[in-house]
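Every number here is computed from the coordinates shown, using simple stated rules; none is lab data. All values derive from a computational prediction rather than experimental measurement. Cβ placement follows ideal geometry from the backbone for every residue including glycine, while neighbour counts extend to all protein chains displayed.
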Amino acid sequence: MKHFVTAFLVILLTLPALAQTTFSIRGRVLDKVTGETLPGATVQVTGNGKSTGAGADADGSYKVSNLPAGSYTVQASFIGYKPTTQTVKISTQSVVASFTLASDNASLDEVQVVASQAQERETPVAFAAVNEVKLRETLSNRDLPMILNETPGVYATQGAGGGTGDSRINVRGFDQRNVAVLINGVPVNDMENGQVYWSNWDLGDVTKSLQVQRGLSASKITVPSVGGTINVLTKGFDDKRSVVARVEGGSNNYQKYSLMLSSGQLKGDWAVTAYGARRTQDGWVDKTFDDAWTFFGTVSKRIGKHTFSLTGMGSPQSHGQRIPFGEKIGTYSNDKARELGATPVLPGDKGFKYNKGWGYLDRYTLDASGKRISNGQEVVNERVNYFFKPQVNLNHFWNVTDRLFVSTVLYGSQGTGGGSQGAGTSSTLPVDAAGQDDIQKVYDTNYKNLKADGQRQSTQFLANNVNSHSWYGVVSGFDYLLKPSLTLSAGVDARYYYGKHYREVRDLLGGDYATGTGNSINRNVDASTRLRVGDKFGFYNDSKTGWLGGYGQLEYKTPLLSAVVSGTVSRISYARIDYFQAKQVTVDGKNYDVPYGAAPVVVNGQRYTNADGHYQENDWVNITGYSVKAGANYNLTEHDNLFANVGYNSKVPFYQFVFSNTGQKYNDIRNEGITSLELGYGISYPSLKVTLNAYYTYWTNKTSNSISGTGDAAVTNNVRNVDARHMGIEMSVAQEISRRLQLNAAISLGDWRWAGNGVVNQFDVNNVQVGAVDQPIYLKGVHVGDAAQNQFQIGLRYEPFNNFYVRPSFLLFTKYYAGFDPVTLLNEASRTDTYRVPTSRNLDLHLGYDLPKRLFGDKIRLGIKGSMLNVLNEFYITDVPASTSATNPSLLQGFFNRGRTFTVGLSATL
């Protein structure tokens with residue numbers, strides 16, 4: 001009886017298995033570096049006479065059903081990642097097979113060589129990656145740098161301009177002039193001053209990957225990055241056909257419409273991606289409107305071992321900006337002023353959206369009888385940024401042999417644009433009772449200023465500061481496999497930049513002309529010359545920058561140890577042509593000034609006038625820079641690794657620190673020397689990623705610039721030959737707590753101080769030297785300002801049910817000092833720290849839902865997403881001017897963050 005019962009139980013327990021003839025394979029597909037899910041990843045199952053597949057849903061989950069028992073090969077793939085394969089065996093029950101995919105440079109061969117994406121457990125640098133999924137879910141209507149605040153060591157704000165595209169970013173305390181930014185491997189930092197103008201691109205919807213390499217980067221081109229490198233990779237030779245349409249709306253009348261078409265791989269190995277967008281909004285800060293178009297397109301073709309790719313992109317835009325620093329804290333909120341120890345302002349409390357730089361205007365006329373004829377009221381922005389910087393790249397990639405790969409990219413850009421401000425007898429426009437620019441008063445004054453010839457003279461008006469350019473370059477390099485574990489890379493980086501800088505009349509505001517004023521200096525014309533709309537005044541000069549560089553690198557790579565040593569050398573040449581300085585005649589190799597209207601110059605008995613002269617053009621100034629770096633990564637175990645790197649960069653100073661604003665070549669021009677050392681440790685599991693690193697950077701002969709004061713009293717400070725020391729630790733954590741809950745966190749603690757004294761040269765609004773040449777400044781031991789030195793961030797991604805996600809993110813910045821004003825440091829006794837900005841905190845919330853496929857069929861996927869930024873509607877200082885008020889809290893000036901905003905979007909994918 002006992003054996004009978006036992007047999008009966010065995011049969012009973014095995015009946016379900018005997019009855020079940022088909023089974024399933026299920027699992028999840030994740031990003032190996034970030035732990036983020038990869039919705040849309042493809043899973044292919046083959047074997048046992050079957051070939052089938054499935055796509056991953058919003059949480060990266062997939063399931064392939066109706067499989068008979070047997071052995072199967074399961075492959076997971078996603079665009080831009082290396083396919084991963086597993087072999088599974090089904091006997092009596094369904095099985096689980098999950099995947100973590102690593103990014104694949106080979107599938108992004110448009111940028112394989114020049115972009116140099118860092119790889120986990122291989123590349124010995126500290127880096128963080130933002131994949132396409134996270135970009136879609138959290139970028140909202142922000143500029144790309146803002147999403148990088150969740151990266152250790154990064155401080156990004158909307159910038160002092162306050163409008164869309166005005167964002168700025170610091171990495172480890174180094175501003176974006178010293179952070180190399182690459183789009184598809186092409187450098188986009190301004191060749192004159194290193195700046196990055198994010199308003200020139202709106203690439204969030206077409207960005208495939210965003211990677212920040214902190215410190216010594218893995219980039220092979222001769223980019224002199226100090227804080228790090230930001231690599232933006234856009235869509236290219238995708239193997240997935242799709243059509244994506246998006247409609248977005250939100251606070252401040254934000255509207256955006258976009259359409260993206262990807263052909264996938266067509267017959268004959270062609271691929272085409274095209275994107276267009278239209279974006280408008282009023283702006284959170286008063287009258288910081290945004291009006292932009294965006295286009296992006298790439299055509300790729302494979303011919304045997306060759307791949308060609310032609311890419312064009314651009315974003316013609318204009319947006320309103322607020323007046324640069326000048327308002328005290330109480331102007332926005334006296335309660336906030338008292339909280340921060342600043343002096344209340346009367347009248348104050350104008351709100352955090354307040355912007356002085358706009359006003360109402362009726363461009364009325366008077367008829368013959370003196371009766372006023374209104375033309376209606378309009379809003380006039382004093383500060384408007386407008387720019388169009390289209391860029392075209394032609395890439396050629398050649399797999400010469402299994403051991404040799406060659407990449408070349410030719411690129412060119414024609415940029416036109418500038419920014420506007422007040423001008424005339426005073427660049428500071430009058431203010432009305434509401435605290436806005438009294439544009440109407442300026443118009444009234446100019447319109448009434450009728451001269452005997454029937455023309456009206458404008459004493460105040462609006463002007464554009466124009467900065468246009470032509471920019472061409474080529475980057476060409478090769479990777480050669482010397483042996484299975486050793487690769488040699490080398491290449492060249494050549495660029496040429498021609499810039500045009502001048503001031504022109506934008507709007508005469510009721511007048512017909514303006515004449516020579518305090519800020520219209522042109523020593524080649526009569527000061528009484530009448531200026532019309534479009535005429536140049538103030539300054540007019542061209543710059544020429546040439547760049548020729550080369551790099552070489554040896555990389556050793558085994559599963560256990562990766563090591564790299566590399567070096568670059570570059571020769572940078574600067575020249576300047578000034579059209580508003582006195583012309584010159586050259587006699588016997590010597591130059592003699594011949595200003596307009598002055599008495600002729602007599603040289604060797606010969607008389608020379610202005611008409612005989614030529615415009616002043618400086619001889620080319622050639623400066624050579626170089627860098628060397630080495631690093632190694634050692635994988636202690638399957639999950640733990642150590643890395644270290646060290647390097648030295650002899651960096652050529654920017655154009656503005658070679659020539660003064662008046663065109664004179666500075667004395668004692670020195671290369672900037674940057675020594676960097678970094679150590680790091682990593683933990684890598686499918687459900688846990690941890691990185692911990694420490695860095696030390698010492699910068700000698702550093703150059704920087706700032707602006708003190710406002711309006712006609714504004715002074716530009718060019719600071720040279722200063723030493724600085726930056727050191728700190730950084731940690732990031734990404735953990736999958738459960739199938740539906742993931743966590744990410746970042747911590748960075750820094751100590752950045754000036755380590756030596758230097759010199760400053762100052763120029764007023766007319767580009768005239770103020771004070772002595774190379775005035776000494778004393779700032780040794782003063783904290784480096786302009787960015788928060790400590791950062792704490794924590795975020796979650798929670799999926800309470802299928803296809804719905806919620807992503808809160810909390811961010812805290814502290815130990816933020818204002819930038820220093822050289823005027824306050826001209827003697828030893830004045831050495832002191834600037835104002836320390838109070839700690840800031842911010843909570844953002846993102847959520848989205850992909851509608852079930854059964855509602856619309858398998859061919860259409862509809863998704864809804866929304867974001868609420870600054871959920872708690874708290875206000876804190878994000879930007880502080882480098883001014884005397886920065887050392888005196890009672891006179892504190894600064895700009896605050898944006899208040900609570902939201903966006904909602906609907907996308908349709910076919």
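Modelled spin-label separation between VAL603 and VAL379, with each label point placed 7 Å from Cα along the Cα-to-Cβ direction: 5.6 nm.
Pairs of Cα atoms in segment 282-344 fall into 5 Å distance bins, from 0 up to the last occupied one, in shares of 4, 13, 11, 10, 11, 9, 8, 7, 7, 6, 5, 4, 3, 2, 0 percent. Under a model in which nothing but the beta-carbon of Lys, Arg (+1) and Asp, Glu (-1) is charged, segment 767-910 shows a dipole of about 780 debye around its Cα centre.
A crude spin-label estimate for the pair ALA694 and ALA632, with each label 7 Å from Cα along the Cβ direction, gives 1.9 nm. Note on segment 410-519: Cα-Cα pairs beyond 16 Å make up 71% of the total pair count.
Checking the cross-link pairs LYS389/LYS583; LYS50/LYS859; LYS350/LYS536; LYS82/LYS389; LYS63/LYS235 against a 25 Å limit on the alpha carbon distance flags LYS389/LYS583; LYS350/LYS536; LYS82/LYS389; LYS63/LYS235 as lying beyond it.
Once every DSSP H run of n ≥ 4 in the chain is given -39500 (n - 2.57) and the sum is divided by its residues, what mean residue ellipticity at 222 nm do you get, rounded to the nearest 500 deg cm²/dmol? The helix contribution divided over the chain gives -1500 deg cm²/dmol. Calculated FRET efficiency, LEU548 to LEU394, Cβ-Cβ distance, R0 = 25 Å: about 0.80 to the nearest 0.05. In a reduced charge model with +1 at each Lys and Arg Cβ and -1 at each Asp and Glu Cβ, segment 185-334 shows a dipole moment near 660 debye about its Cα centre. Extension gain for ILE729-LYS50 works out to 239.2 nm (0.36 nm per residue, less the C-alpha to C-alpha distance).
Positive-end ranking of ALA787, TRP620, VAL212 along the dipole of the chain, with charges on Cβ about the Cα centre, is headed by VAL212. Modelled spin labels at ARG841 and SER528, positioned 7 Å past Cα toward Cβ, are 6.7 nm from each other. Extension gain, LEU561 to VAL871, is 107.0 nm, computed as 0.36 nm per intervening residue step minus the present C-alpha separation. Think of the chain as having a plus end and a minus end, set by charges on the Cβ of Lys, Arg, Asp and Glu; of GLY55, THR878, TYR835, GLY55 sits farthest toward the positive end of this dipole. Per the Debye calculation on the chain with a single equal scatterer at every Cα and no solvent contribution, log₁₀ I(q)/I(0) for q = 0.05, 0.07 Å⁻¹ amounts to -0.33, -0.62. Relative to the dominant Cα principal axis of the chain, helix 439-448 is inclined by about 30°. Partner lysines whose Cα lies under 23 Å from the Cα of LYS448, excluding those fewer than 8 positions away in the same chain, are identified as LYS371. Placing +1 on each Lys and Arg Cβ and -1 on each Asp and Glu Cβ, with no other charges, gives the chain a dipole about its Cα centre of roughly 1900 debye.
Loop-resident trypsin sites (Lys or Arg not before Pro) (DSSP state other than H, G, I, E or B) in segment 479-543 with no more than 14 further Cβ atoms inside 10 Å of their Cβ: ARG530, ARG532. Take the Cβ-Cβ distance between ASP362 and LEU891 as r, set R0 to 41 Å, and report the resulting FRET efficiency rounded to the nearest 0.05. The calculated FRET efficiency here is 0.65.
Ordering SER708, ALA755, HIS726 by the projection of their Cα atoms onto the charge dipole of segment 705-758, which places +1 on the Cβ of Lys and Arg and -1 on the Cβ of Asp and Glu, puts HIS726 at the extreme positive end. Relative to the dominant Cα principal axis of the chain, helix 2-19 is inclined by about 40°.
Summing +1 for each Lys or Arg and -1 for each Asp or Glu among the other residues whose beta-carbon sits under 14 angstrom from that of ASP774 gives +2. On full extension, the segment bounded by ARG571 and ALA69 gains 174.1 nm, given 0.36 nm per residue less the C-alpha separation.
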